[in-house]
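**Q** Sharing a structure, written as structure tokens. Questions coming.
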Amino acid sequence: PELSRLTRLEDYPIFGPNGRQESFSNLPNQTPMNLMTLVKRTSTMSLLDVLRVPTWPTLEMLSYDAERTFREYDGTSAGEFLDSLQFPPEARQMLFDVFAHSFFNPQYGMSAAEMMKLFHFYFTGNPEGLIFDVLDKPFSEAVWEPMQEYLEAKDVRFCMETRVTRMKRRKDGWRVHCSGARKWIDCDAVVLAVTVDGLKSIVETSPALADESWQQQIASLDVTLPFAVWRLWLDTPSAPNREAFVGTAGLGLLDNISLYHLFQDESREYVERHGGSVVELHGYAVQGTTDEETIKNDLWRHFIEVYPEYNGAEIREERFRLDQDCPAFSPGAYASRPGVTTPHVDVTLAGDFVRLEQPVA
């Protein structure tokens, strides 16, 4: 299926307290020049600060190697590794803390090797850096529904709103038991592309999947802190020249501001008809509370701190979610994390928690 048009963002700036901002536009596309240029032009570091940064851990950040990096740094937390860089607090907050937090894990509870892998994948080893393309339609309309139609035309069957409860071995494959109208599905092979809790549940209720060593790997998996997503239909327009996406650092629970009316046709059409704007606020690795009103108050307070035009805005409509299904990348957990293959030749794993050799997220 033909995808929607793509829009190239001009920047993905980081906003911090007291009006601090960092830009990721117009950086060189080669390592280490991209990071050197970013550090050189930041207002949060002086030349003396740069000279104080120890060489070795900085080089480790720039020279990611899967085997060496995980061997030497998986047992160290991302927070401890960032401590060793000795960046000034403001520079660390604006340039590095945001990377650790963007993967839903608190930095002192996340493997330094995992952070370095993701920093490499998204920035140092990526010629485009943080400047990326966005679809101008919701993903459901632009990707998933067209993909489903394409696959159904090739006789692929979709069983929606169906929960897998357990698996039983058949002579020539598996019988997957389900909740809902479709009681079971017979198949030759299974890809378990599920959440951590979903995988644990299926393995626990499926004796045919039993393998002591592999089950220990599954049992060692965990999820990290919850994340909040709050979409708002507001009666107030955004100020001119706002970016579609902004990362934030040091602003309470707020980690991202997205202005959907600046890039998505559905939201743009709403604003053209009714005025106002469509805003989404994200909080990653939410600590200390799961109370909805407390989280909303914190997100809103810090949102209007950096986007003051919304102070006093009326909320016409809203959607709020607080989920906790992102995998934890705890220090020292890499060696015990399961990979794609399993003890069963006709069962494989997929998901964010799966150990891969490639630096992907």
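**Q** Hey, can you tell me all the residues within segment 176-186 that are among the small types (Gly, Ala, Ser) and either open to solvent by less than 60 Å² (accessible area, probe 1.4 Å) or in contact (Cβ under 8 Å) with a residue 24 or more places away in the chain (or both)?
**A** 179, 180
**Q** Might you check whether a residue that is farther than 28 Å from residue 133 by Cβ and free of Cβ contacts under 8 Å to residues at least 40 places away in the same chain occurs anywhere in segment 259-272?
**A** No - not one qualifying residue is present in segment 259-272.
**Q** Scan segment 32-61 residue by residue and report those that are in a loop (DSSP other than H, G, I, E, B) and crowded, with 18+ Cβ neighbours inside 10 Å.
**A** Result: 42, 44, 45.
**Q** Check off (1) within 30 Å of residue 6 (Cα to Cα); (2) within 30 Å of the chain's Cα centre (by Cα); (3) exposed (fewer than 13 other Cβ atoms within 10 Å of the Cβ) for residue 189 and give me the number that stays unchecked.
**A** Among (1) within 30 Å of residue 6 (Cα to Cα); (2) within 30 Å of the chain's Cα centre (by Cα); (3) exposed (fewer than 13 other Cβ atoms within 10 Å of the Cβ), the lone unmet condition for residue 189 is (1).
**Q** Exactly one of these conditions fails for residue 22: (1) surrounded by fewer than 12 Cβ atoms within 10 Å (Cβ to Cβ); (2) modelled with pLDDT of 80 or more. Give me its number.
**A** Residue 22 satisfies every listed condition except (1).
**Q** Further question on the same structure: Condition first: open to solvent by less than 70 Å² (accessible area, probe 1.4 Å), in a loop (DSSP other than H, G, I, E, B) and of a type in the set (Asp, Glu). Now tell me which residues in segment 117-175 satisfy that.
**A** If the condition is that a residue be open to solvent by less than 70 Å² (accessible area, probe 1.4 Å), in a loop (DSSP other than H, G, I, E, B) and of a type in the set (Asp, Glu), then 136 is the only one that fits.
**Q** Taking the condition of being in contact with a helix residue (DSSP H, G or I) (Cβ under 9 Å, 6 or more places away or on another chain), among the acidic types (Asp, Glu) and farther than 30 Å from residue 23 by Cβ, how many residues in segment 125-159 meet it?
**A** 1
**Q** Cβ-Cβ below 9 Å, separation at least six or inter-chain, first residue in segment 229-243 and closer than 25 Å to residue 102 by Cβ, second at pLDDT below 95 and open to solvent by less than 60 Å² (accessible area, probe 1.4 Å): which pairs?
**A** The qualifying pairs are 243/9; 243/11; 243/12; 243/13.
**Q** Also, I was wondering about something else. Hey, among 257, 202, which residue is farther than 30 Å from residue 288 by Cβ and at pLDDT 95 or above?
**A** Answer to the selection: 202.
**Q** Something else: Under the condition of being open to solvent by less than 50 Å² (accessible area, probe 1.4 Å) and assigned to a helix (DSSP H, G or I), which residue from segment 238-290 is nearest to residue 44 (Cα to Cα)?
**A** Out of the qualifying residues, it is 260.
**Q** Could you please give the count of residues in segment 73-95 that are of a type in the set (Phe, Trp, Tyr), assigned to a helix (DSSP H, G or I) and open to solvent by 10 Å² or more (accessible area, probe 1.4 Å)?
**A** 1
**Q** Would it be correct to say that residue 68 is under 28 Å from residue 326 (Cα atoms), among the basic types (Lys, Arg) and either surrounded by fewer than 16 Cβ atoms within 10 Å (Cβ to Cβ) or touching a Ser or Thr at 6+ places or on another chain (Cβ under 7 Å) (or both)?
**A** yes
**Q** A further question follows. Within segment 96-108, work out how many residues are outside any loop (DSSP other than H, G, I, E, B) and touching a helix residue (DSSP H, G or I) at 6+ places or on another chain (Cβ under 8 Å).
**A** Of the residues in that region, 7 qualify.
**Q** Within segment 307-324, track down each residue that is more than 14 Å from residue 235 (Cα to Cα), of a type in the set (Phe, Trp, Tyr) and either surrounded by fewer than 14 Cβ atoms within 10 Å (Cβ to Cβ) or in contact with a helix residue (DSSP H, G or I) (Cβ under 8 Å, 6 or more places away or on another chain) (or both).
**A** The one that is more than 14 Å from residue 235 (Cα to Cα), of a type in the set (Phe, Trp, Tyr) and either surrounded by fewer than 14 Cβ atoms within 10 Å (Cβ to Cβ) or in contact with a helix residue (DSSP H, G or I) (Cβ under 8 Å, 6 or more places away or on another chain) (or both): 320.
The values are calculated or read from the model by the stated rules, or taken from the named source; none is laboratory data. It should be emphasised that the depicted structure is a prediction, and the values quoted were computed from it without experimental measurement. So basically every Cβ, Gly included, is an ideal-geometry build from the backbone, and we count neighbours across all protein chains shown. We work out accessible area using only protein heavy atoms, side chains counted, and drop any ligands, DNA or RNA first. Shrake-Rupley method; radii C 1.70, N 1.55, O 1.52, S 1.80 Å.
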